[in-house]
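The values are calculated or read from the model by the stated rules, or taken from the named source; none is laboratory data. Not measured: the values here are computed from a predicted model. Here Cβ is always computed from backbone atoms with ideal geometry, including for glycine, and neighbour counts include all displayed protein chains.
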Amino acid sequence: MNTTIKYIAAAMLLIITVTAHAQQPVKRTPEERAKREAQGLKNQFSLTDAQTAQCEQIIKKYAGKLAETRQAAKADSTKNKNAKQQLLKLRDDEIKAVLTTDQKSKFDNWKQEKQRHNGKAMRAPGDSTSRK
């Protein structure tokens, strides 16, 4: 009886530990995030390898600027939210410059659909990590 309680306690501790570890967000480098986002764009919009590489470079270019904006947002969220939106628009415009007409149309539709569903900032295709 006493050993049964010990086994049950050990199993519960193991379950709690595994659950807590599984809920931690995955920390990716800006390069990893850019590669993942570019791969998502490739899959979503049928990009060529050359287009994917160009998109990855564009995403990397804006990653540092967006990180700075996020840090500054802690001080003045309204001002920096606008700055973030402007940076994302510039980044999207550069990405669209790489796309074909059909891909641009799909990209615009995707953006509108995400905004309608979320009503807020959206994730890139392929980015399934949860953020809070």
Notebook entry, point to check: What number of residues within the range 29-49 satisfy the criterion of being free of Cβ contacts under 8 Å to residues at least 12 places away in the same chain and farther than 17 Å from F107 by Cβ?
Noted result: 3
Check: In this structure, does Q54 turn out to be modelled with pLDDT of 90 or more and surrounded by fewer than 19 Cβ atoms within 10 Å (Cβ to Cβ)?
Finding: yes
Notebook entry, point to check: Which one of these does E37 not meet: (1) assigned to a helix (DSSP H, G or I); (2) at pLDDT 90 or above; (3) more than 15 Å from the chain's Cα centre (by Cα)?
Noted result: (3)
Margin query: Condition (residue is closer than 20 Å to T29 by Cβ, free of Cβ contacts under 8 Å to residues at least 40 places away in the same chain, surrounded by fewer than 17 Cβ atoms within 10 Å (Cβ to Cβ) and within 19 Å of the chain's Cα centre (by Cα)) applied to the range 93-109: is it met by at least one residue?
Written below: no
